[in-house]
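Read the structure below first, then the notes.
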Amino acid sequence: MLLAFSAVSGRLERSVVTPAIFFTSAGLLAGPVLGLIDLRIGGEPLKLLAEATLVLVLFADASRISFGALRNEFAVPARLLGIGLPLTIAAGTLVGVGVLPGVSLVEALVLSIMLACTDAALGQAVVTDERIPSRIRQGLNVESGLNDGICVPLFFIALALAEWDEGTVTAQAAVHLVLEEIGYGLVAGVAAGVLGALALRVAARRSLVEPHWRQILTVATALLAAGIATGLGGSIFIAAFTGGFLFGVVGRDSGGEVSYLVDEGGELLNAVTFVVFGAAILGPALDDLGWEVLVYAVLSLTAVRMLPVALSLLGSGARRPTLAFLGWFGPRGLATIVFAVILIDESSLSHERTLLLAVVATIGISVFAHGLTARPLTNRYVGWYASHPREKLPPMESVPAAGHRWRKPGAPAWQPASQGATEHDQ
């Protein structure tokens, strides 16, 4: 499947078939239809794949955070994350209680947090098309890069609350578990991120490192963060995000591109994850999707996302097409899949099956709905923006935003550090 997609990836990139659509469809064909993939959710191979993928993606996303870029233009991502994200979680919780039969308030909270993470890769054209006003494009890019890291600790807290509410753990045990997951995860991330960044800075300054080994050093730092967290009993995801953030901050001036391998490694594992999602998660669940679950999935992708986004941008001057564009493009993908795997593997909630079906339905609809509409709706939005005379461009949308690099950089030139800090650093 990887071979087939790679061979025609250039042609597919100009079409409406996104990588997520291709690999999910391939998984559905290879799994339930042809029986070539025999994996089950809750098994160790699937858990390991999902964890490794999210570790690399979280580390890469966090390492790209630029305070300089955010300081110059933070209004849109700050509103989306600071106002829109909490409102989305609250709305998803209320809709879950009202629509899904028997689901308690805390279970609905767990589900809402799982589905609050957005994955810009499912509608890649939205964040890579430079015809879109930079403020809007970068706002979605930054939101997608940061909300996974924000939702990880919230997910563990909500899951502990749900288990305490059902009496499967004591309050003391729930608090202890959360503190361990978050605390040791932070410790592991700080230790690995600082160590990796300092090693990179010293090695680059003294010309001790071969250019291509910079890439391996970055991946090793991400794996070290996860390894320390595992040893301590903390969350590998909090460790990866914290480690990536500190690696980017401390090692930013080391010169040259250092995140190409971790980006491409995450992209590779992400593709395989969507194959497995189609084969082992979405396919077996199709026969069990009831109307309540489908209604929740549709509401989660529309009203639960779009209304909070519109409220978060009140007073910003954003026009209606911008509100609709930002609200619709909140696709759900990798982080939500990983949360679902954790839910099955580490919890025993009463309505676990209902929560899983709601997650699967939402991601399945999102993969195709957001993928197929990304290019057409981008063209329509760009056409609306371009229809204004230059001197009468919408004031909110026309504010320039500093570039925040997308997940997939160009291939690095294997050259010494003295020559390598040009294109990407600029």
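Sparse packing (at most 16 other Cβ atoms within 10 Å of the Cβ) combined with a DSSP loop state is found for the following trypsin sites (Lys or Arg not before Pro) in segment 3-71: R14, R40. Considering only C-alpha atoms, what is the centroid distance from segment 324-340 to segment 71-117, in Å? Answer, in whole Å: 11.
Ordering 316-323, 370-377 by mean Cβ neighbour count within 10 Å, with the highest value first, yields 370-377, 316-323.
Computed across segment 72-116, the Kirkwood hydrodynamic radius from all distinct Cα-Cα pairs reaches 11.1 Å. Working value for segment 210-260: equivalent-ellipsoid semi-axes of 22, 12, 7 Å, each the square root of 5 times a Cα gyration tensor eigenvalue, largest first. Rounded to the nearest Å, what's the spacing between the alpha carbon centres of segment 130-209 and segment 220-270? Just the number, please. One Cα centre to the other: 10 Å.
Remark: segment 53-410 carries a charge dipole of roughly 1640 debye about the Cα centre, counting +1 on each Lys and Arg Cβ and -1 on each Asp and Glu Cβ.
Counting every other Cβ atom within 10 Å of each residue's Cβ, R79, R390, R380 order from fewest to most as R390, R380, R79. Counting neighbouring beta carbons within 10 Å and listing from fewest to most, the residues E180, E264 come out as E180, E264.
Stretching W384 away from L289 to a fully extended chain increases their span by 30.4 nm, per 0.36 nm per residue minus the current alpha-carbon distance. Among T230, T53, the order by Cβ neighbours within 10 angstrom, fewest to most, reads T230, T53. If R0 is 35 Å, the Cβ-Cβ spacing of T168 and A220 corresponds to a FRET efficiency of close to 0.40.
Per Stokes-Einstein, at 37 °C and 0.692 mPa s, what whole-number D in µm² s⁻¹ belongs to segment 53-410, with the Kirkwood radius over Cα pairs as the hydrodynamic radius? Translational diffusion coefficient: 156 µm²/s.
Extension gain, V8 to R131, is 41.8 nm, computed as 0.36 nm per intervening residue step minus the present C-alpha separation.
Taking the Cβ-Cβ separation of L372 and E44 as r and a Förster radius of 30 Å, what is the calculated FRET efficiency to the nearest 0.05? So the FRET efficiency works out to roughly 0.30.
Coordinate-derived values only; no laboratory data. Please read all numbers here as calculations on a predicted model, not as lab measurements. Note: ideal-geometry Cβ built from the backbone for every residue, glycine included; neighbour counts use all protein chains shown.
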